[in-house]
Amino acid sequence: MPRVKYVLLDCDNTLCLSERLAFEACTDLTNEVLEKWGRPERYTVEQLLEDFVGHNFRGMLVGLQKKHGFTMKPEEVDAYVDRELGAVTAKLSEKCQPCPGVLEQLAALKEAGYPMSVVSTSAKPRVVASLKKVGIDHYFPDEHVYSAATSLNPPSSKPDPAIYNYACKQLGVKNEECVTVEDSKSGATAAMRAGIPLIGYVGVYGIEDGKEKMEEMAKLLTEQCNAKVIMYDWKEFPECLKKIEAL
């Protein structure tokens, strides 16, 4: 393909080390829901990450209802989504850190003239809080931060490709003219379904879960989600981008 017209970037655990912090904040609420609706199951942070990484809280509540056989009214879902957003945003504003190497690569992309946008499944206030805390919000003006939970009506969640389709339409580019970076199966599946060339970032798994999980995700993103390139460290991004543009 010719020069990429837009670099689309997931936020949680791609730009920012935010996923585990967010799941720490929402585990208590998840267990509160299960207790309130009479289910005996309870989650640890690790179990919740294993089952729902890459989903926003609305999507997680949908998945919990299906998995554990209970039903919430739409207004009840809305109320818990609002509570979770407040708790997560507060934690991210206090503790979020960048993924290693991100700051240097965003600066290089800006210098090279590549326009960038964030395309996240998470609620926009949470995403903006993460970007601000790690000091990269100046690369992403408000109108270039897209959220499946906030930008779409009705709200959605990856792996639904709707947020990618919406972002590309708003940015005035064709899906196939872009590249995106995703770390999770749900996010990578959304990119694949949207027809956007994908760089699968697995370095975060090496940081948080170890080499075995990192290699497992590299295999999954390649075989199941059609990742064109696997990136183990952000310092590899320039070469990954060259490989995408050479396809």
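The values are calculated or read from the model by the stated rules, or taken from the named source; none is laboratory data. Please read these numbers as outputs of a predicted model, since none were measured by experiment. Here Cβ is always computed from backbone atoms with ideal geometry, including for glycine, and neighbour counts include all displayed protein chains. The accessibility values were calculated without ligands, DNA or RNA, using every heavy atom of the protein model including side chains. Shrake-Rupley method; radii C 1.70, N 1.55, O 1.52, S 1.80 Å.
Before moving on, here are some points about what is shown:
- Residues of region 117-126 that are touching a Leu at 6+ places or on another chain (Cβ under 7 Å) and open to solvent by less than 10 Å² (accessible area, probe 1.4 Å): 117, 118, 119.
- Failed condition for residue 156, given (1) assigned to a helix (DSSP H, G or I); (2) more than 17 Å from residue 225 (Cα to Cα); (3) of a type in the set (Gly, Ala, Ser): (1)
- Residues that are in a loop (DSSP other than H, G, I, E, B) and charged (D, E, K, R) were ranked within region 170-185; the one that is most open to solvent (accessible area, probe 1.4 Å) is 174.
- Contact annotation: residue pairs with Cβ atoms under 8 Å, 6 or more positions apart or on different chains, pairing a residue in region 224-247 that is at pLDDT below 95 with a partner that is of a type outside the set (D, E, K, R) and not in a helix (DSSP H, G or I), are 247/1; 247/197.
- Residue in region 212-230 that is open to solvent by less than 50 Å² (accessible area, probe 1.4 Å) and among the charged types (D, E, K, R) present: yes
- Scanning region 140-155 for residues being under 14 Å from residue 56 (Cβ atoms) and surrounded by fewer than 19 Cβ atoms within 10 Å (Cβ to Cβ) gives a total of 2.
- Within region 200-223, residues that are among the hydroxyl-bearing types (Ser, Thr, Tyr) reach partners that are in a helix (DSSP H, G or I) and open to solvent by 20 Å² or more (accessible area, probe 1.4 Å) with beta carbons closer than 7 Å, at six or more positions or on different chains, in the pairs 205/213; 205/214.
- Boolean, residue 158 is within 14 Å of the chain's Cα centre (by Cα), under 21 Å from residue 50 (Cα atoms), basic (Lys, Arg) and open to solvent by 10 Å² or more (accessible area, probe 1.4 Å): no
- Taking each residue of region 135-148 that is under 18 Å from residue 109 (Cβ atoms) and looking for partners that are of a type in the set (S, T, N, Q) with beta-carbon atoms closer than 6 Å, six or more apart or interchain, yields 144/117.
- Looking across region 143-189 at every residue that is of a type in the set (Gly, Ala, Ser) and more than 24 Å from residue 204 (Cα to Cα), the one that is modelled with the lowest pLDDT is identified as 156.
- Lone qualifier among 167, 188, 107, 129 - being part of a helix (DSSP H, G or I), open to solvent by less than 20 Å² (accessible area, probe 1.4 Å) and either free of Cβ contacts under 8 Å to residues at least 40 places away in the same chain or of a type in the set (Asp, Glu) (or both): 188
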